[in-house]
């Protein structure tokens, strides 16, 4: 099956800093999503991005499908951005394989 | 409309008990998935339904795990004779599939087996 590798595993920032999270896939995917898991465990959809670039406020994502990686950019980070960020990819009917996550801590 | 809902949110079971976890997907979503998330890990796929048909159950860890979706809407994940290693958060997700594979997740059920 697909292997998903996320980096970095941990990231500590001061409020206002920018960051980039990366996700590498072992094989091509036709379904790729980024999630933020809040402290209560809810997975919040950030982006559905099998290819291309999308932006939503301070967050943006880029997927280079031919090179099997995706990037999540967080600009002007806030304490409320803290939590675990997951990328997940899949093929065919959409079954997702998740990475191990990046734990983001933003200090005031 | 409402998102994916799951019940109960928390379940404590004694080892050997049977449990049933419920998932209500977003109305009209054809695809339904169950995932298991152990502490500190990413979710792992358990099983997949398209309408009422269970098309992939390759992730179910043992024959003690059983899932159904008899009318193509609500789904139930049943675990028989629970073991301590079954302690985890069980997540349900649904997808409309026809135009997008994007999955939307419920809040999960945290199962603790004592």
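A short reminder: the numbers here are calculations on the coordinates, not readings from a lab. Note that the coordinates shown come from a computational prediction; the quantities given were computed from them, not determined experimentally. All Cβ positions, even for glycine, are placed from backbone atoms using ideal geometry, and neighbour counts span all protein chains on display.
Brief remarks follow.
- Shielding by partners - mean other protein chain Cβ count within 10 Å, residues of A:45-52: 2
- Relative contact order, percent, the stretch B:66-114 [alpha-carbon distance under 8 Å, six or more residues apart]: 34 percent
- Shielding by other protein chains, B:100-111, mean Cβ within 10 Å: 5
- At 0.692 mPa s and 37 °C, Stokes diffusion of chain B via Kirkwood alpha-carbon radius, µm² per second: 235 µm²/s
- Å³ per residue enclosed by the Cα convex hull of the protein assembly as shown: 122 Å³
- Taking all Cα pairs closer than 8 Å and separated by 6 or more residues, the relative contact order of chain B comes to 37 percent.
- Nearest-0.05 FRET efficiency for residue A:44 and residue A:12, computed from C-beta distance (R0 22 Å): 0.55
- Eigen-decomposition of the gyration tensor built on the alpha-carbon atoms of chain A gives equivalent ellipsoid semi-axes of 23, 14, 12 angstrom, largest listed first.
- Separation of the residue B:71 and residue B:20 label points, Cα + 7 Å toward Cβ, nm: 1.4 nm
- Both radii were evaluated on the Cα set of the stretch B:43-92; the Rg over Rh quotient, with Rh as the Kirkwood radius, amounts to 0.95.
- Per-residue mean of C-beta atoms belonging to partner chains within 10 Å, peptide B:53-62: 1
- Estimated distance in nm for a label pair at residue B:80 and residue A:107, the labels positioned 7 Å out from Cα along Cα-to-Cβ: 5.3 nm
- A:35, B:65, B:33 arranged by Cβ crowding within 10 Å, fewest neighbours leading: B:65, A:35, B:33
- Kirkwood hydrodynamic radius over Cα pairs of the stretch B:29-72, then Stokes diffusion coefficient at 10 °C and 1.306 mPa s, in µm²/s: 144 µm²/s
- Applying 1/(1 + (r/R0)^6) with R0 = 30 Å to the Cβ-Cβ distance of residue A:58 and residue A:5 gives a FRET efficiency near 0.75.
- Placing one equal scatterer on every Cα of the stretch A:28-90 and applying the Debye formula, the log10 ratio I(q)/I(0) at q = 0.18, 0.22, 0.25 Å⁻¹ is -0.63, -0.89, -1.08.
- Whole-number percent relative contact order across chain A, with pairs defined as alpha carbons under 8 Å at least 6 apart: 38 percent
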